[in-house]
Every structure is written in structure tokens, then in C-alpha cells.
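Below is one structure, written out as C-alpha cells; comments come after it.
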Amino acid sequence: CRLLRHTDDSIEDIAEHFLSEIKGLQPNGPYQLAGFCIGGITAFEIAQRLVARGEEVSLLALIETWPPNCIPVLQSPSAVLRLLTLIRAVPRHLRAMLALPPRTAFMYFRQKIAIIRDRAFPHGMASKDRSIRRSEAVTRADHCAGAQYVPSRYPGHVTLFVPTEGRTELAGDPRLIWGTFAEKGCTVINVAGDRGNLLNRPYIHVLAAKLTEQLHE
């Protein structure tokens, strides 16, 4: 669904698109919503719309979701910027590899090498695969939409998942601002993991376990 959207959609447009998909699968609540990164902003807006229609949202989970004022608007990066971004990510990926079994670590390594190749030589890859160019365009559009979104006060409760590694001190973490938009409060759950890496092994297993706990509650 993500790649079928127009790249000039707002968060409100994206939320309405996914809300129609959700309603097609589950006409009535209660609903349990979760979103990672900018997807959390979309989940937040979907929850707003469901509650406004009189539906119950029993769980709204924002997973490493930054507030709109902290989202960078991505432009087509220069070669130097792409290289610096890749270099900064090396320590994080090394830590993740060291925590994996040898076979899984090798597969992880091959996956990241493929990503580095694609990002280091984007023009050659883009000419071979239009889906890559489309995916990058949608990612930039998502960042732009997220940065322009203005959250309104949500009448329910928010559950915020925050990685414990590579983050600012909890008291000064800008992600905690989501609690100020939730009338019924915000529960912060620390997840063992690295920033931007919660959906990768081994961190994904920890996140899944904690998310499952919230779903059962």
C-alpha cells in the first residue's frame, strides 16, 4: 500500500487511506494500532479519526516515533552526505552483528553490504530498478508529510516504545512530547536496542515480546 500512494500526500491523506483499508478488514473496534518511526505519526492520526467516529482504540503504540518538529525533510543527498551517513551507521551495525549467531550475522552482513552498494551507487541502481527510485521518493515524501503534521490532543492513551541504546537522557528525550498530546496519559516502555534498528535482529524479538504484552493487556 505504501508504494501505491501519491508522494504529495499529507499525514491526514495517508491516515485516511489506511483507515479505509483497516475498516475493510475490521469494520468495528476495538482497534489496536502501532506504527514505527513516521508510521507512528500516521497511527496517531488514524486513532484520532477512529475515536472521532465513536470507535474504541484499545492500544495506540508509537515505536521510536519522533515528533514532527524533529523530523528532517530529506532531499536527494550528495555523494559526500551519503558516505558520511553510511560511516556513522557502521558502529551500530557492528554491535548488532556481534549479538547474532555466526550464520545469522553473515546474512545480516550480506544484507547491509547490498544496502551500502545501492546507496553508494544510486544512479546506476535507479536506472535498473524504478522501484528503488519510487521507494526513495515515497520516503522523502513521508518525511515531508511528517514534518508538516500538527498533532491535536488525543482523547486516549499512548504507549511509547523507546530504544535504550544511543539515545538522549529520558528526561530530555523529545519523543516524550507525545505524552502531552494524550489526555489519558503516556506509558513509556524502554526496549533494548539501537536507534533506528529496532526492527532488525536481535532487537525485533525484544520489541515483539513487549508489544505482545501490551496487546494482551
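Throughout, read-outs are computed from the coordinates displayed, never taken from laboratory work. All values reported here derive from a predicted model rather than from experimental measurement. With ideal geometry, Cβ positions are generated from the backbone for all residues, glycine too; neighbour counts draw on all protein chains shown.
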Give the long-range amide H neighbours of G29: residues separated by 5 or more places, or on another chain, with amide H under 5 Å away, using H modelled in the peptide plane at 1.01 Å from N. E56
Starting from the Kirkwood Rh over alpha-carbon pairs, what translational D in µm² s⁻¹ does the range 7-59 have by Stokes-Einstein at 37 °C and 0.692 mPa s? 296 µm²/s
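What net charge do the residues around G146 carry, taking every other residue with its C-beta under 12 Å from that of G146, with Lys and Arg at +1 and Asp and Glu at -1?
Result for the local shell: -3.
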Protection proxy ranking, peptides 34-46, 145-157, average beta carbon neighbours within 10 Å, highest first: 34-46, 145-157
